[in-house]
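The values are calculated or read from the model by the stated rules, or taken from the named source; none is laboratory data. Not measured: the values here are computed from a predicted model. As a convention, Cβ positions derive from the backbone with ideal geometry for all residues, glycine included, and neighbour counts pool all protein chains shown. Just so you know, the surface numbers come from the protein's heavy atoms only, side chains and all, with ligands and any DNA or RNA stripped out. Shrake-Rupley method; radii C 1.70, N 1.55, O 1.52, S 1.80 Å.
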Amino acid sequence: MSNPRIHLALRMGDNSLILSQQNSKWCGHAPTLEEDIALANVSLDLMGHAQMWLEFAAEVEDEGRNADTLAFFRDTEEFRNSLLVERPNVDFATTLMRQYLFDAWHLEQLLLLSQSSDTLVAEISQKALVEVRYHRERSQSLVIRLGDGTIDSHNRMQEALNALWSYFGSFFEDSKDDEMLFDLQTSPMPSSLYPRVLEQLNQDSVLSTLKIPESEFWQKGAVQGHHTENLGYILAEMQYLQRTYPNSKW
Amino acid sequence: MYAQEVKSTGSKPKSLSSMSAKEKAFQEKIDRGQRIEPKDWMPEGYRRTLLRQMGQHAHSEIVGQLPEGNWISRAPTLERKTILLAKVQDEAGHGLYLYSAAETLGKSRDEMTKELLSGRAKYSSIFNYPTLNWADMGAVGWLVDGAAIMNQVPLQRTSYGPYARAMVRICKEESFHQRQGFDIMMKMSFGSKKQKAMAQDSLNRFWYPSLMMFGPSDSESVHSAQSMAWKIKINFNDELRQKFVDQTAPQAEYLGLTIPDEKLKWNEKTEQYDYSEPNWEEFFEVISGNGPCNTERLAARNKAWDDGEWFRDGLLANSTKNQNSQIAAE
């Protein structure tokens, strides 16, 4: 896994995979039927993106693995998703805020990646971008309306934002691989996205009346595979059948 | 099927000669195969029976998300996960069409939801059984959706327009679900020994509950007679159950699985399968709240509703604020 293109593909694929896995647990449990359907749609889109990125990672690696083996047979330290997406669902406010922060980063990231000098990276990003523009619009609209809804909905969204904030920084953590990718004009330095994303959040906060936390003390480590405790449980659940009955066809 | 015990007026259907002029014109319209639309006059009994039936059907779709939703996070491949999630999402969509169709009869989705949450409204008994292994995702598609289709295909010709049109859309998706379910059953049945054992175990557990989906024999029921006269029910329960057994038995044989019924065999004379009746005592217990998962299913729906109250209130408050500021600006 030394090729930096693999690092990028895993970073993108694992973020989408883990968030999709987490969101999909709301299917049948969301606050309204429309929301149940919409959140399942987002999960389905992300699962599609994860498949494209992980397939790409497996091809570059060229060791006979595929998207499924990467998803189901890696352990936590090999995952490259940000710490934010692995935060527990907790409640709908947390889930929605997590999605909102992710979408704000994801859209900026894909806009830049769709200009990548690496044609495969650019192609996957352009495909995903069509759906992610809608994801951003949806979560932005919901966060604005709930922030400026009742006192209760405002407080719940603010608490969720505060609780997730330090994990959000995980998207902007740079590594040596990122420097190489930047030199090749494959992808931007992760840290360079922060001001652009923050500007988006600040613009939204005028309407949502939510206060963006000022702290820039970020939880780090995801780029080296150092995750939060929850990722182990997410993987244990997701990988259960493949691990229990290896070499089976499903 | 998803509406198992729809009580109608409790009386036999009236003869044309004993009907009022309005009732007669209504019945003749149905007899001619014409559709009834929301703004048409309809007897109160027709409206109420339909509301009960469509409500039970919609609730079944919504509660029906839960047993399969149980396996989304553990689906064994990314493709299976995608298919399962899309399928459970479809169920929510079916619930939405059906609630919308029922709203044309003058009852809101919120009112119907409250009836479900309080336990007053019924939903199909099948969703009160647990999903215990991955093959259950196959068996639910193959058997449960298979049984549902038996009932829903004829309902595309039902007399109430919005219901019939919802059914057309639902049937297309259900037959896709059934094929996906059978595909999982094939993979499991022709897979490793352990996979085949899971498939057999799943068939053992889901066979009789699937037969119960059609409801008890109703050839003597006045409720069914009235519903059939109104064309909101097209076939008797036993008729559909037989059709289901005749379709499913050869499929089980193809899979190399054994249907858990020693009496099941092809009858040359009747040209259909003989089979054992399910345990109807169990059915009535499950339908009245005592099935293995009734408590969890209703608790999950209640939790979703209660925990989501702030979310719905928040959006509503925001929309009111925006409306007010728009009015002020005008």
Discussion item. Take the conditions in contact with a Pro (Cβ under 6 Å, 6 or more places away or on another chain), modelled with pLDDT of 95 or more, crowded, with 24+ Cβ neighbours inside 10 Å and in a helix (DSSP H, G or I) and apply them to B:ILE126. Does it pass?
Written reply: yes
Practice prompt. List every residue pair whose Cβ atoms lie under 8 Å apart, where the two residues are 6 or more positions apart in sequence or sit on different chains, the first residue falls within the stretch B:14-28 and is touching a residue at least 60 places away in the same chain (Cβ under 8 Å) and within 16 Å of B:LYS231 (Cβ to Cβ), and the second residue, located anywhere, is of a type in the set (A, V, I, L, M) and surrounded by 10 or more Cβ atoms within 10 Å (Cβ to Cβ).
Written response: B:GLN27/B:LEU16; B:GLN27/B:MET19; B:GLN27/B:ALA229
Worksheet item: What is the one condition in (1) more than 10 Å from chain A (Cβ to nearest Cβ); (2) among the aliphatic types (A, V, I, L, M); (3) surrounded by 12 or more Cβ atoms within 10 Å (Cβ to Cβ) that B:ALA328 does not satisfy?
Response: (3)
Item to complete: Select from the stretch B:20-48 the residues that are among the hydroxyl-bearing types (Ser, Thr, Tyr) and either at pLDDT 95 or above or in contact with a His (Cβ under 7 Å, 6 or more places away or on another chain) (or both) and list them in ascending order.
Response: B:TYR46
Worksheet entry | Unique residue being touching a strand residue (DSSP E or B) at 6+ places or on another chain (Cβ under 8 Å), surrounded by fewer than 16 Cβ atoms within 10 Å (Cβ to Cβ) and basic (Lys, Arg) when the list is B:LYS269, B:LYS265 | B:LYS265
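Yes or no: B:TYR99 in a loop (DSSP other than H, G, I, E, B) and buried (at least 24 other Cβ atoms within 10 Å of the Cβ)?
No, not satisfied.
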Worksheet item: Within the stretch A:19-28, is there a residue that is within 12 Å of another protein chain (Cβ to nearest Cβ) and free of Cβ contacts under 8 Å to residues at least 12 places away in the same chain?
Response: yes
Worksheet item: Here are some residues: A:SER166, A:SER117, A:SER187, A:SER170. Which one is closer than 24 Å to A:HIS7 by Cα, of a type outside the set (Asp, Glu), away from chain B (no Cβ under 14 Å) and open to solvent by 40 Å² or more (accessible area, probe 1.4 Å)?
Response: A:SER117
Fill in: Residue count for the stretch A:197-250, restricted to those that are more than 14 Å from every other protein chain (Cβ to nearest Cβ) and not in a helix (DSSP H, G or I)
16
Response to the item:
Exactly one of A:ALA50, A:ALA71 is modelled with pLDDT of 95 or more, within 13 Å of chain B (Cβ to nearest Cβ), open to solvent by less than 10 Å² (accessible area, probe 1.4 Å) and under 23 Å from A:THR119 (Cα atoms), and that one is A:ALA50
Discussion item. Show me the helices (runs of 4 or more DSSP H) found entirely inside the stretch B:200-292 where at least 3 residues are charged (D, E, K, R) and closer than 26 Å to B:TYR163 by Cβ.
Written reply: B:237-255
Discussion item. Against the definition (farther than 21 Å from A:PHE79 by Cα, within 19 Å of the chain's Cα centre (by Cα) and among the hydroxyl-bearing types (Ser, Thr, Tyr)), how does A:SER192 come out, yes or no?
Written reply: yes
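Yes/no matrix, rows are residues, columns are (1) of a type in the set (Gly, Ala, Ser); (2) under 20 Å from B:VAL144 (Cβ atoms):
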residue: B:SER192; (1), (2): yes, no
residue: B:LYS196; (1), (2): no, no
residue: B:PHE206; (1), (2): no, yes
residue: B:PHE214; (1), (2): no, yes
residue: B:SER219; (1), (2): yes, no
residue: B:LYS231; (1), (2): no, no
residue: B:PHE236; (1), (2): no, no
Worksheet item: Out of all the residues in the stretch B:90-111, is one or more facing another protein chain (nearest Cβ under 9 Å) and over 22 Å from B:GLN53 (Cβ atoms)?
Response: no
